[in-house]
1. Filter region A:6-30 down to residues that are within 9 Å of chain B (Cβ to nearest Cβ) and open to solvent by less than 50 Å² (accessible area, probe 1.4 Å), then give me how many there are.
2. Of everything in region A:35-54 that's modelled with pLDDT under 85 and crowded, with 18+ Cβ neighbours inside 10 Å, which residue is nearest to the other protein chains (Cβ to nearest Cβ)?
3. Does region A:779-812 hold any residues that are small (Gly, Ala, Ser) and over 30 Å from A:GLU620 (Cβ atoms), and which are they?
4. Given (1) within 59 Å of the chain's Cα centre (by Cα); (2) on the phi > 0 side of the Ramachandran plot; (3) free of Cβ contacts under 8 Å to residues at least 40 places away in the same chain, where does A:ARG866 come up short, assuming only one miss?
5. Under 8 Å by Cβ, and 6 or more places apart or on different chains, what pairs join a residue from region A:699-712 that is closer than 12 Å to A:ILE928 by Cβ with one that is β-branched (Val, Ile, Thr) and modelled with pLDDT under 95?
6. Any residue that is in contact (Cβ under 8 Å) with a residue 40 or more places away in the chain and surrounded by fewer than 19 Cβ atoms within 10 Å (Cβ to Cβ) - is there at least one of those in region A:607-616?
7. Of all residues in region A:625-659, which are surrounded by fewer than 20 Cβ atoms within 10 Å (Cβ to Cβ) and either more than 22 Å from the chain's Cα centre (by Cα) or under 20 Å from A:GLU884 (Cα atoms) (or both)?
8. Being surrounded by 17 or more Cβ atoms within 10 Å (Cβ to Cβ), under 32 Å from the mean Cα position of the chain (by Cα), assigned to a helix (DSSP H, G or I) and at pLDDT 80 or above, is that true of even one residue in region A:238-256?
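The values are calculated or read from the model by the stated rules, or taken from the named source; none is laboratory data. If you're wondering where the values come from, they're calculated on a predicted model, not measured in any experiment. Because the Cβ atoms are built from the backbone with ideal geometry, glycine has one as well, and the counts that use them run over all protein chains shown. Areas reflect the complete protein model, heavy atoms only, side chains present, ligands, DNA and RNA absent. Shrake-Rupley method; radii C 1.70, N 1.55, O 1.52, S 1.80 Å.
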Amino acid sequence: MTMPPEPDPTRLEELFATALELDHDRRAGWLESACAGDQLLRQRLDQLLAASSGEELSAIDPTRAARLIESNLQPEPEEIGSYRIIDRLGEGGMGTVYLAERVEGGFEQRVALKLIKRGMDSDAILARFQQERQILARLEHPAIARLLEGGSTTDGRPYFAMEYVEGVPITVHASERRLSVEAILELAVEVCDAVQHAHRNLVVHRDLKPSNVLVTSAGRVKLVDFGIAKLLARDEAEGSDATVLGARALTLDYASPEQVKGEVVTTASDVYSLGVLLFELLAGCSPYGAEPSSVEQKIRRIEEGDVPRLSAAARRAHPGEHGRALARRLAGDLDAVLAKALARDPARRYASAEALAEDLGRHRRSEPVRARAPARWYRAERFLRRHRLGVALAAAAILALVAGLAGTAWQARVAARERDRAESHAARAEAVQDFLTTLLQSVDPYRTGGAPWTAEELLDRGVERIDAGALGNPLVAAELLGVMGGVGRSLGQLERSETLWRRSLALRREQLPGSPELAEGLRGLAAVLYIRGSHDEAEALLLEALELERGRPRTEPRALARTLEQLGVLLHERSQHAAARAHYQEALGLLRTVAGDTRAETAGLLANLGGLHQAAGELEAAETLQREALELELAVLGPAHPGLAVTMGNLAATLRQRGDWEGAERLHREALAISRAALGDEHPEVATKLSNLAAVLRSRGAHEEAAAVFREVLALDRKLLGERHAYVAFSLDNLAGSLAELGELDEALASFALAHEILRESRGERSVEVASNRVSTAVALALAGRPAEAEPLLVTGLELYGETLAPNHPRRARAIAALGAVLVDLGRDGEAEAHFRDALELRGQARHPETVAPMVGLGRLLLRGRALDEALALLESAADIARETLPGEHVDRVGAELALASALRARGDHARGAGASQAAHAALSRGIGPRWQRLRAELAATGGS
Amino acid sequence: MRLREQVTAVLAQAGESIEEDRRVLDRLVPLVYDELRRLAHRQLAREGHRLTLDTTALVHEAWLKLVDGHQAPVGSRAYFFGAAARAMRQVLVDAARRRRRHKRGGGITATTLEEESARIDATADEVLALDLALERLAAAHPRPARVMELRCFAGLGVDETAELLGVATRTVNRDLAFAQAWLRSELGASNGATLAPGP
């Protein structure tokens, strides 16, 4: 480059000075004439004038000049302590590093000597060194440069002598040698090992960065400056000036968020720095991006920034196919590992450098990495937020099952004699976990980029993958089929669940005869079969499981308790209450021998026991047990868990039977809300909840609403359980009952008939369910004015109840009262009176709303028989109970008021009589259905106004 | 004080103008150079971690230390400050050169080279660029270059400079404006920006 020729210097200076003093607008004209055609002069003047404005140049920036001078000005020391300085290696924010040597005992020792620069608090540094030197001296590791000595120079500057390392920063090494991902990971594991060694000795590096992580020419890692950062750390009080901020800024690129924020620095901070370093090595760029930014920007990015995915960063950093290939290599495991190492919250990071190294090792051995486990939970959380809760719960169910597998694997590990089995179990659990992880990731909408998957699709995908034989190991397949079967059951996909469990069980029978895993498979299939109504097969399977488990010397009490509970439920369902109770109690006893937390299982058993009491009509005991179970579950499961809703629903049923309809309705609605939120609208549990709610509605006289809900339940049951399931029959019965109350007799009778058919098939000719169907049908016929047809049905029903229910069971009382009413209609007053009295006797002293109707029936009979005093007393009492327990517009309450009015009039108390009937009139005119019609007809006949 | 006598003696030999007596300057600069280095060292040591280089203070301190004001002839202040500015410039340039030599020759990557090093390197480059530009400026425009040198490396103000050089302040201002425009156009916008604004 040649310099342009310069015009006459003096003339240039003069013209420049003059031009500068001229106004802008006059300058151009003046220049034109002054230069008089000298193009070179004119050009140069224009150039200088253009450069005449701007910031005034004076000197080199005094701070930087100072650093420059300092780095050169002072004479290099010839000796520091007992070391002779050979060369200067470099300088840093904290001082200068020299190569020095010491001759001691004829042995020449070369060291890197770090001379701390002036201005650092020398006394404090040396004091800290005295404190730390014992610890630092313990750091003996081939990959850690040893700290040999610390001291101070004659002019009071601290220095540290460290093992001299001839090496280059790891980043330089990696790029110079073009290291492969595998080679980088190998080095990284070495680095982690060294850091872990330090951490075990309670030394945190605090300043891990490429210039402190060196690689020797032999390719070995060597970490320098361990513990130095802490020695040099200033106390916060004196650390407020710009230089300290500056010093901190020097290493910002590798600092953890907590370091930037000035919070407590722990081993997790080193893990973070290792993460940044590894990120840079693998991706070829910093996680914070390549462009330089201000200290403030950096701090903000470290504090707030989500670190990008490793593979995405690598893709951006490398153009073309190389970038794509690298991104593919890094995607997945290493993305997850780096994300975990670089988690903003220290608690979410790897707990140690060792844990990081282990995961890198797993990745290198193609084993599933741990980093993906929390990511999986994290994704599950996102699932929960983004999907209907039901789907999320399917995912959560899978995760819970996986957690369970891990738990058993660990417990199994403890039994030394079964070590081999345990290890294969553990390996299996891991394979299962890996499979599910991949599966969940495949349905993560963030990863699929499309619409979120439904839980059904999740299952489909899982089964597909199992069928594709990706698993190889039949044991793993058996385990997974079970997991998927369990999920299917949770989702209410019972047929699919059964198929999966059958496949799983077949594999287990083949591969693991006599094992706890086989028992688990038997239980799993039995649970689905139970819900599907195949009780006989379920029982056979459970008995097989029980035999197997009782025959094994070290059966886990929890597993046995589960088998016993399932059997208990089955016996309970078959009304073998005593046997069911014995099973539950044995299970409870077993759980008491387990050391761990068994509250969840205990709660389940208590609730089931409560259910037994409820079925036996022992409502107080039932309520106590169910409330206890509910409290346990609330504590263990939290307020939104669907399991809670089951117990809540059962408690509500007890309350309903005890006559607390308001309380029952409230609990039922709450349980329904929980189930719906957790399981979605189409789930057997939700159907049960709806049914329970409708039953309370019916009790309270809201027949229209009840009928609508029962129809919903029926549709759900048919869809979920099939046309001939017993639950379909229950729903038909319930719906028919409400329809009869509304006067829709034809549909009611058809429904009862269909239900009867199904129940005879599924529950047996003489089952309690058939009995209930008979009784309900009879009530409908009686309402329709066909008491002659009703009577034999009631007699049959009561006969069956006598075989299946406790003598004082509320259902019996209800049926006897119904028979009393039919007998009244048939004109057999004497028999009717006896039945009413029987029914009331069964109820005891309870002020139950269902006692109102038989009391009124009896009262009317007494009134007709002119037993006025007794009738009045009875009817006063009935009206009292009705007012206390029934809504104002309930037909029985209105009936009680009217009967009381008649009695009062019969006694000549017309004023009160008129008042009593007055109150009932408004409701009377609005009521729909045969009971109301009958009341209105009676009122017209007796001439009451 | 051998050094002090030496400096004073050299100053006594000085002629009417600095440009005319390069010999004096050439003898003076090395004497001042060592002292400035020492003074700079001391100043930085005193400053501690608030590291700034106050060239003005340094040069004045050197004058007091190196020259016996009573013995020195009238006008020798100008000689001395001219020499001091040149020496200061030399100190910085030498530091920068050493720095660069180190960087090129070393291949030193062992232990603890940090960002700090990169900053010092950048400063070294700036110093060398400014030195080179000033040299070229001095070739065609000696007085503006001198004024600029005094300003940049001895931190002298306009009045002081005018007095030292025996010219009107208006001339100093004109020279400064010219030198600055010249340097800006020479160093280019990017390099120019690395120089700090004046006091």
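1. Total meeting the criteria: 5.
2. The selected residue is A:ALA51.
3. Kept after step one, since they are small (Gly, Ala, Ser), are these residues of region A:779-812: A:780, A:782, A:784-785, A:788, A:790, A:797, A:802, A:806.
Once the filter is applied, which keeps residues that are small (Gly, Ala, Ser) and over 30 Å from A:GLU620 (Cβ atoms), region A:779-812 yields A:ALA780, A:ALA782, A:ALA784, A:GLY785, A:ALA788, A:ALA790.
4. With respect to (1) within 59 Å of the chain's Cα centre (by Cα); (2) on the phi > 0 side of the Ramachandran plot; (3) free of Cβ contacts under 8 Å to residues at least 40 places away in the same chain, A:ARG866 is out only on (1).
5. Qualifying pairs under 8 Å: A:GLY701/A:VAL891; A:HIS703/A:ILE928; A:GLU704/A:ILE928.
6. Yes - at least one qualifying residue is present in region A:607-616.
7. A:ARG627, A:GLU628, A:ARG658
8. Within region A:238-256, not a single residue is surrounded by 17 or more Cβ atoms within 10 Å (Cβ to Cβ), under 32 Å from the mean Cα position of the chain (by Cα), assigned to a helix (DSSP H, G or I) and at pLDDT 80 or above.
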